[in-house]
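J.: Let me begin by handing over the structure; questions about it come next.
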Amino acid sequence: LGNTKDSTLVSAIQNVFQTDSSYAVLGACIQAITGIDSIKALPLLKKALTMKSYNETIRRAAVRAIGSLNSPDGVDLILSYGSSKYPVRLRTTVIRSLMKIGKDNPRAVDFLIKCLSDSSNWIRRQATFVLSRIGGPEAIGPLEKAFKKETNERVKKSMKMALKHLKRKKEIAGEKNK
């Protein structure tokens, strides 16, 4: 389906999504319909979020598609799939999608701050990185606290870089307000 923008294909893609059993095909349908018509894609994306699949293939495709819509409304759709009851790959996809749609969204920032104490090193690193991109001064304190408790050197290094980035952003914002 590539990068087609032909809206006449939407109903055919929806039909394939309803009838095909291949996770790869369903993922391609999600991507295609989102690229063609984001309004018509929303019901399909909501349905895809409820579907179980091997390695969370379908949910991950839906979360990525919601992130690609660049709509802050998507935050509420995907946050619950970032909880620890889901596999790390899906949770990482949620965190990475927040980089696109979570800026200036307190719920997204709060979620990422909570992820700083996750049991997974990978989740903590990803949350740190995204927090450094979408967070503001409110993230500095929690990140400093997490840095002091962190035992993994890679995560600690990421946190140190994120703190530097956030403090620089705060400095720049302060300079602009003078």
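J.: Taking only DSSP H segments of four or more residues, each worth -39500 (n - 2.57), what value at 222 nm results for the chain once the sum is divided by all its residues, to the nearest 500 deg cm²/dmol? Working shown, then result.
T.: Working: 10 runs with 125 residues, N = 178.
That calculation yields -22000 deg cm²/dmol at 222 nm.
J.: Per residue and in cubic angstrom, what volume does the convex hull of the Cα atoms of the stretch 36-140 have?
T.: Convex hull volume per residue, Cα atoms: 86 Å³.
J.: Follow-up question, since we're still on this one. How large is ³J(HN,Hα), in whole Hz, for each residue of the stretch 73-80 in order, when computed from phi with the Karplus curve 6.51 cos²θ - 1.76 cosθ + 1.60 and θ = phi - 60°, using x for Gly and Pro?
T.: 5, x, 4, 5, 6, 9, 4, 5
J.: Given a Förster distance of 30 Å, report the FRET efficiency between Ser84 and Lys52 from their Cβ-Cβ distance, rounded to the nearest 0.05.
T.: Taking R0 as 30 Å, the efficiency between Ser84 and Lys52 is 0.95.
J.: Nothing charged except the Cβ atoms of Lys and Arg (+1) and of Asp and Glu (-1): what's the magnitude of the dipole of the stretch 25-178 about its Cα centre? Round to the nearest 20 debye.
T.: Rounded to the nearest 20 debye, it is 480 debye.
J.: Let me ask you something else. Assuming a viscosity of 0.692 mPa s and a temperature of 37 °C, what translational diffusion coefficient in µm² per second does Stokes-Einstein assign to the chain, Rh being the Kirkwood radius over Cα pairs?
T.: Working: Rh = 17.3 Å.
Using the Kirkwood radius from Cα pairs, D works out to 190 µm²/s.
J.: Oh, and also: Could you give P(r) for the stretch 1-51, binned at 10 Å from zero, as whole percent values over all Cα-Cα pairs?
T.: 28, 62, 10
J.: What does the accessible area per residue of the stretch 1-158 come to in Å², with a 1.4 Å probe and no ligands, DNA or RNA counted?
T.: Value returned for the stretch 1-158: 53 Å² of accessible area per residue.
J.: With the contact rule set at Cα under 8 Å and sequence spacing of 6 or more, what percent relative contact order holds for the chain?
T.: Relative contact order here is 13 percent.
J.: Hey, another quick one. Among all the aspartates and glutamates, which ones have a C-alpha under 17 Å from Lys52's C-alpha, if same-chain residues fewer than 8 places away are not counted?
T.: Candidates past the 8-residue exclusion: Asp20.
J.: OK, next. Filter the chain for me: DSSP H helices, axial length by Cα at least 18 angstrom, mean Kyte-Doolittle hydropathy not below 1.6. List them by residue number.
T.: Membrane-span-like by this rule: 23-36.
The values are calculated or read from the model by the stated rules, or taken from the named source; none is laboratory data. This is a predicted model, so every value here is computed, not measured. Backbone-built Cβ (ideal geometry, glycine too); neighbour counts: all protein chains shown. Ligands, DNA and RNA are excluded from the accessible area calculation, which covers all protein heavy atoms including side chains. Shrake-Rupley method; radii C 1.70, N 1.55, O 1.52, S 1.80 Å.
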